[in-house]
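The structure appears below as structure tokens.
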Ligand code: BGC
């Protein structure tokens, strides 16, 4: 069975269309068509149920631990999407009868998903069905659904069951209690429940409206399910329209963060009251009216964020907008208590935990398009410091050691301890990243400095940034190991970005990033008293900052930073160059990912020269000027040939570096791979959710790669537009200035649209631009 996607639907570049029902791609489509606003996200599970379906609804921050021996995860909350439709007693299901036509379209412009089906029941009744839905970008608690059923061939009796179900689980683990069900007035259903361990009240409301009188309307209360059964008689050619509006409220809603509320509420009464009031308000509006308001919010997002691409291949444009769509629904822009999950909130994969993905892969996008959102993400790290202190203390280190996987702010490390099966031992592979993947602490520091460089937000530095930089540097200062025989500090026993290599010493990426962290913290301490007096006051109460500064400087100077060998190659880690070389062709040409696990156990993989993802290449990406061009080129070629791109984080970063090296074909190929990770033909690539970091990677391909965006004190751009692209335009925020950038073959034009004067370098030439000004450079 194949994956039925049509990328040419009009208006081209805006519509994701599934043009056939594919049982094998059910879960993938639920993820890629998911809708949301960063507070409430709903997977696009079809209304009628199928095997392999995963009906998820998530609200940011409602983390819960189902069982004491499990890790905390974002619970799958009660569902409002399921409909049972009975046609003359026969259940509507595409598994039976005949499908005459099928199309599901997600309109990226408005966030609305529309599915149209022409179906003939096994007893020969022909129906036209149209299902529409969206999660509001305007009213974050709300989602709306519209169902139209037309009887084509004969009159019919129609029964619809619709309501709220708390039968949801996360792959079997149930996070919510059965819940209290009640009707409010004649038409509103309310289910209030609570997470079993974190005790967060969850309240879901829904209300139904029809264009026709019901013959019968019956509330049905069952275990973990509260629905209404509606019965109709439909004449030939007649259309029944049902509109359902739902809203979600939880004890973690931002409103309870206001000064007069305790942080988070455990009493469901105020949560119910908020929901009662909202549903009362929403029920006065039609589906179309609610959609209009949400679509307006989407239009404003696109106005600021769209990247227009003119390419001979329409997927180049659609892939970019698809990424930008997901980048908008994965973030809670105003709530710094929550991060971004590795799968956003489009599936249960990675349990909605945040990784280094946030700072390295997503933060650049938010900083350069919506700097406030970037600040929110870093404040989340600041507010997670208690967990980072705890992790450091548990491991006998000073300072802040950030968890590899983070959930609620004070959870600390939440990486699971075991994963998939080991081909040799047949047991679960231990997951060591939570213990050994230490570079995340420096990655967060890198993100802090990037945000400061791009925003010049002194208040942020004063309140949060300085402390984050100092506390992360304190961790590294303690973490480094002095090797007397080599008279240098080293970082031993880590996992670098390449997770196919465990227990390695001196991973180049980790060491260079740790050095960056120490250097930046020392620099910041040097200017803190004058520049950020609040931070100075706060931190000097806790530490002798001058002593810390000296310590950071000394450690950084003596930290071992791997250099190119005689062939120009920088060892990814101390062990790498001595590993056994194997033929990787089979895995490099694989259809999916991780096929190497079918032949090698994790411990065997530690012994062979193979990388899962960008590691040294990631270092070339993060510090573009670290090595000369020839060294960069040699290392890119060396490592790319040994990299399987088994992580979705890999292609985008390779695209950027390839662009900088003038390897245009390779860069475009990497872009298309990145785009296809979720959109592409593999029918199960995204069953557990889309790949958030890859979405940020797609943006980086275009802006950092093809438009050559770099920053190091000042902005620089360079034209690397792929040959088959005629034009690319986008907007960019930098230090309060808003720029519009246009690239065509050999020409890059930048106009300064608003904000303060900035200096920038275009195709190697310096410019000062102020509002209304522009520059045009030919290469
Ligand atoms: C990658 C990590 C990444 C994680 C979450 C893993 O497969 O190796 O680098 O942080 O996925 O996206």
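The numbers here are math on the coordinates, done by the rules we state, and not lab data. Computed from a predicted structure; not experimentally measured. Note that each Cβ is placed from the backbone with ideal geometry, even for glycine, and that neighbours are counted across all protein chains shown.
Numerical summary
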{"quantity": "DSSP beta bridges in the chain [antiparallel fraction, %, rounded to 5]", "calculated": "95"}
{"quantity": "Highest average packing first - 241-248, 109-116, Cβ atoms within 10 Å", "calculated": "241-248, 109-116"}
{"quantity": "Förster radius 45 Å - calculated FRET efficiency between residue 540 and residue 595, Cβ distance, rounded to 0.05", "calculated": "0.25"}
{"quantity": "Cα long-axis angle, helix 439-455 against the chain (0 to 90 degrees, to the nearest 10)", "calculated": "90"}
{"quantity": "Förster radius 25 Å - calculated FRET efficiency between residue 260 and residue 281 (Cβ-Cβ, nearest 0.05)", "calculated": "0.65"}
{"quantity": "Contact order relative to length of the range 166-232, as percent, for alpha carbon pairs under 8 angstrom and 6 or more apart", "calculated": "25"}
{"quantity": "Inter-probe distance in nm under a simple model that places probes 7 Å from Cα toward Cβ, at residue 588 and residue 267", "calculated": "6.5"}
{"quantity": "Length added when fully stretched, residue 558-residue 458, from 0.36 nm per residue minus Cα-Cα", "calculated": "32.9 nm"}
{"quantity": "Gain on full stretching of the segment that runs from residue 53 to residue 91 - 0.36 nm per residue minus C-alpha separation", "calculated": "12.0 nm"}
{"quantity": "Where labels lie 7 Å past Cα in the beta-carbon direction, separation of residue 767 and residue 184 in nm", "calculated": "5.5"}
{"quantity": "Global geometry of the chain, whether rounded, prolate or oblate, following the gyration tensor of its Cα atoms and the 1.5 cut on a/c", "calculated": "prolate"}
{"quantity": "Pairwise centroid distance, computed over Cα atoms, of the range 381-408 with the range 608-628, Å", "calculated": "26"}
{"quantity": "Listed peptides 170-176, 234-240 by packing density, highest first (mean Cβ within 10 Å)", "calculated": "170-176, 234-240"}
{"quantity": "Rounded tilt (10° steps) of 508-531 against the dominant C-alpha axis of the chain", "calculated": "80"}
{"quantity": "Nearest-ten-degree value, helix 466-479 long axis tilted from longest Cα axis of the chain", "calculated": "60"}
